[in-house]
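Chemist: Please find one structure pasted underneath; my questions will follow.
The values are calculated or read from the model by the stated rules, or taken from the named source; none is laboratory data. Since the model is a prediction, treat every value here as computed from it, not as a measurement. Methodologically, a virtual Cβ is constructed for each residue, glycine included, from the backbone with ideal geometry; neighbour enumeration extends over all protein chains shown. Heavy atoms of the whole protein, side chains included, go into the accessibility calculation; ligands, DNA and RNA do not. Shrake-Rupley method; radii C 1.70, N 1.55, O 1.52, S 1.80 Å.
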Amino acid sequence: MALKAIKTGARNEAGIVAAKAELSARFGDRFQTGEAIRAQHAHTTTYIPAQLPDGVVFAESSEDVREIVAIAARHKVPLIPFGTGSSLEGHINAPNGGISVDLARMNKVIEVNAEDLDCRVEPGITREELNTYLRDTGLFFPIDPGANASIGGMASTRASGTNAVRYGTMKDNVLALTVVTADGREIRTSHRARKSSAGYDLTRLFVGAEGTLGIITSITLRLQGIPEVISGGVCPFATIEDACNAVILTIQSGIPVARIELLDAVQMKACNAYSSLSYEETPTLFVEFHGSAESVELQARQFGEIAAEFGSTGFLWTSNPEERARLWKARHNAYWAQKSLIPGAAILSTDVCVPISRLAECVVATQEDSAAHGLTAPIVGHAGDGNFHVGLLFDDKDAADVARAEAFVERLNARALAMDGTCTGEHGIGQGKMPFLEAELGDALDLMRQIKRSLDPDNIFNPGKIFA
């Protein structure tokens, strides 16, 4: 995770000048080159320095995307797809220069097939906008990464979030895509059928490709019925190991928990202060159950018994929507709560994922590591699938402190890989995780590079991401 790994690539200056002129002539005011708007489209919530595009074009239709790709391909100019800018690993930076393609105006719901529990949407719609639209149908889209991300961005980074333990990740909930490829065609990767044995699984090739293989123009999504009853609760523990072990037994026991989030004592302190809560500042699980009144009550009782077995000091749960909303708002604001612990400090938000049986071991070792090196590094995680995040606070103007932070992240990733885990459960690779992907996949990266060269021979789609 060294800053020296964030490189600037070769620029095609003549091609960029020609493409800018052509885009300006075609799109008028929908093509902007002002520094402020270019900076906005290189904004990143990590400490990775911004690398600005040379222009921003606002697409409003798949036809627009096809034209933009044709212009970029003709001049061999990079294109960087942009949704809401909430990614965490430098995905929207322009290390080789080029054009940011803002898809926010492509935010329509194209169709809803309520009987089949699916819908088709444009890539710029956000998850909150989609669920607002769906509310009257009795359906909802369950993937919740915390940020109000765009559906296209969520597909591109294979997002998951708090509901993944029950509903899966984006790879489980995307049925089909339409994608504009480097040759200017718009292809459809699949149909709406719930399963298929027809050829290569192109849908999952593009889900998680981080915009390096094409630009997504529509997404067909699996939907769920809004549960009859939703209950949530807070469950404190004496130690982080006890909390992790309660998670492990809950999953192994087959309790269909919808959300089970882990917050360590430092994170609870931050959430209490930032969100005006008064929970115990000890390792804590936030949980949620979905289903009928009877099933939710049974799930909560079974979980409470497991929590007591691991010494929980009390499980408080409620079906009151306002109380639940307050709880999950605090969880979704965890990043900002972390930042408030040391005003003015930089924050490096990173994640790893390990097999559920190794979760307690990995979290405890990570806490011991941060304590041994005098680091403030609150932990919060989607514990039900072994995925946890560390918000590392440090002084980004102090070279020694930066080196300590980067060394900690290197050890964290090495630890997860040694446990047969992954360097990222949901943040993606982007620029920030590139060194760890090679350690994780080895020679498999060569196959990825071959796929990239085959589909994007001139390297116009989001270059400098995933691998060099």
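Chemist: Would you call L393 under 21 Å from S87 (Cα atoms), in contact (Cβ under 8 Å) with a residue 24 or more places away in the chain and open to solvent by less than 50 Å² (accessible area, probe 1.4 Å)?
Modeler: Against the criterion (under 21 Å from S87 (Cα atoms), in contact (Cβ under 8 Å) with a residue 24 or more places away in the chain and open to solvent by less than 50 Å² (accessible area, probe 1.4 Å)), L393 qualifies.
Chemist: Checking the condition without any contact (Cβ under 8 Å) to a residue 24 or more places away in the chain, of a type outside the set (D, E) and surrounded by fewer than 24 Cβ atoms within 10 Å (Cβ to Cβ), which residue from A5, A10, A21, A70 passes?
Modeler: After applying the criteria, what remains is A21.
Chemist: So the check is Cβ under 6 Å with 6+ separation or different chains; which pairs have a first residue in the range 31-50 that's free of Cβ contacts under 8 Å to residues at least 24 places away in the same chain and a second one that's among the hydrophobic types (A, V, I, L, M, F, W, C)?
Modeler: Taking only residues 6 or more apart or on different chains, the pairs are I37/V56; A39/L52.
Chemist: Go through A365, A377, A403 for me and flag whichever is in contact with a Lys or Arg (Cβ under 7 Å, 6 or more places away or on another chain) and open to solvent by less than 60 Å² (accessible area, probe 1.4 Å).
Modeler: Result: A365 is the single residue among A365, A377, A403 that is in contact with a Lys or Arg (Cβ under 7 Å, 6 or more places away or on another chain) and open to solvent by less than 60 Å² (accessible area, probe 1.4 Å).
Chemist: Additional query: How many residues does the range 80-111 hold that are within 30 Å of V352 (Cβ to Cβ), touching a Phe, Trp or Tyr at 6+ places or on another chain (Cβ under 6 Å) and open to solvent by 10 Å² or more (accessible area, probe 1.4 Å)?
Modeler: Of the residues in the range 80-111, 1 are within 30 Å of V352 (Cβ to Cβ), touching a Phe, Trp or Tyr at 6+ places or on another chain (Cβ under 6 Å) and open to solvent by 10 Å² or more (accessible area, probe 1.4 Å).
Chemist: Let me ask something additional. In the range 384-428, how many residues are part of a helix (DSSP H, G or I), modelled with pLDDT under 95, among the small types (G, A, S) and under 21 Å from G161 (Cβ atoms)?
Modeler: Here the count works out to 1.
Chemist: Among (1) assigned to a helix (DSSP H, G or I); (2) more than 27 Å from L263 (Cα to Cα); (3) open to solvent by less than 30 Å² (accessible area, probe 1.4 Å); (4) in contact (Cβ under 8 Å) with a residue 60 or more places away in the chain, which single condition is P463 missing?
Modeler: (1)
Chemist: How many of the residues making up the range 305-325 are farther than 15 Å from A238 by Cα and either open to solvent by less than 90 Å² (accessible area, probe 1.4 Å) or at pLDDT below 90 (or both)?
Modeler: Residues flagged as farther than 15 Å from A238 by Cα and either open to solvent by less than 90 Å² (accessible area, probe 1.4 Å) or at pLDDT below 90 (or both) within the range 305-325 amount to 10.
Chemist: Please name all residue pairs, on different chains or six or more residues apart, with Cβ atoms under 9 Å, provided the first residue is in the range 359-383 and is over 20 Å from A345 (Cβ atoms) and outside any helix (DSSP H, G or I) and the second residue is charged (D, E, K, R) and open to solvent by 10 Å² or more (accessible area, probe 1.4 Å).
Modeler: H382/R259; H382/E426
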